[in-house]
Amino acid sequence: MRALILLGLLACAPAPTSSLPAKLHLAPAADGWIEVVLENAPDHPRALEAELSVSSPVAWTLDRAAAAPEAPLDTVRVAARGSNRMILFAGDKRGIRIAKSGVIARIRPAPAGDRAEGVLSLTRVLLVGPDGAAMPAEIGRSATLR
């Protein structure tokens, strides 16, 4: 009888929600772009604002960004924040939500010289939830630039 009651309680219990924060990281794509990847968001975000920086002895231009093919967002913009730094914004004015996991946007850094190497890192992220409040998010791995 106890087992039957316990089974009934478990069946009626709400599904567990993840208490872990979402994670954002950078991943190089085969075509030379760098992808901004979201993992395990507890809900569908409305927007992302991220600050990115390049660690390199050479200057890099960070002015090209685009929506990922699997994330048809109508607003993906970048703005320079001095040498080797930029702000990325990705969202949608039509109400399309970002997937809980997947590529949000793509960035194409370009070196000022012929041969340059560096590391592109997320230095600050703000993930906006469906209610307009900030969602907890961790910063993951960086991407090597060549």
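The values are calculated or read from the model by the stated rules, or taken from the named source; none is laboratory data. As the structure is a prediction and not an experimental result, all values here were calculated from the model. Positions of Cβ are generated from backbone atoms using ideal geometry, with glycine treated the same way; all protein chains shown enter the neighbour counts. In case anyone asks, the SASA skips ligands and DNA or RNA and just uses the protein heavy atoms, side chains included. Shrake-Rupley method; radii C 1.70, N 1.55, O 1.52, S 1.80 Å.
Within segment 51-62, identify whether any single residue is more than 22 Å from D31 (Cα to Cα), outside any loop (DSSP other than H, G, I, E, B) and at pLDDT 95 or above, and answer yes or no.
yes
Out of segment 63-72, which residues are outside any strand (DSSP E or B) and open to solvent by 20 Å² or more (accessible area, probe 1.4 Å)?
Passing the criteria: D63, R64, P69, E70, P72.
Taking L88 and the conditions (1) free of Cβ contacts under 8 Å to residues at least 60 places away in the same chain; (2) hydrophobic (A, V, I, L, M, F, W, C); (3) closer than 15 Å to I139 by Cβ; (4) surrounded by fewer than 21 Cβ atoms within 10 Å (Cβ to Cβ), which numbered condition does it fall short on, given that it satisfies the others?
Condition not satisfied by L88: (4).
Taking the criterion of being open to solvent by less than 20 Å² (accessible area, probe 1.4 Å) and not small (G, A, S), would at least one residue in segment 130-142 satisfy it?
No.
Within segment 26-55, can you find the residues that are surrounded by fewer than 18 Cβ atoms within 10 Å (Cβ to Cβ), in contact (Cβ under 8 Å) with a residue 40 or more places away in the chain and over 13 Å from the mean Cα position of the chain (by Cα)?
P28, A29, G32, P42, D43, S55
Pairs under 8 Å by beta carbon, first residue free of Cβ contacts under 8 Å to residues at least 12 places away in the same chain in segment 97-116, partner in a loop (DSSP other than H, G, I, E, B) and small (G, A, S), six or more apart or different chains?
Listed pairs, sorted by first residue: none to list.
Could you tell me whether A80 is surrounded by fewer than 14 Cβ atoms within 10 Å (Cβ to Cβ), small (G, A, S) and within 21 Å of G32 (Cβ to Cβ)?
It is true that A80 is surrounded by fewer than 14 Cβ atoms within 10 Å (Cβ to Cβ), small (G, A, S) and within 21 Å of G32 (Cβ to Cβ).
Quick one: I87 ticks every box in (1) part of a strand (DSSP E or B); (2) touching a His at 6+ places or on another chain (Cβ under 8 Å); (3) among the β-branched types (V, I, T) except a single one, so which number is it?
Unmet condition: (2).
Considering every residue within segment 93-110, establish whether at least one is over 15 Å from E35 (Cβ atoms), open to solvent by less than 20 Å² (accessible area, probe 1.4 Å) and part of a strand (DSSP E or B). Break it down stepwise before answering.
Within segment 93-110, the subset over 15 Å from E35 (Cβ atoms) is 93-97, 100, 110.
So of that shortlist, the ones also open to solvent by less than 20 Å² (accessible area, probe 1.4 Å) come out as none.
Taking every residue of segment 93-110 in turn, none turns out to be over 15 Å from E35 (Cβ atoms), open to solvent by less than 20 Å² (accessible area, probe 1.4 Å) and part of a strand (DSSP E or B).
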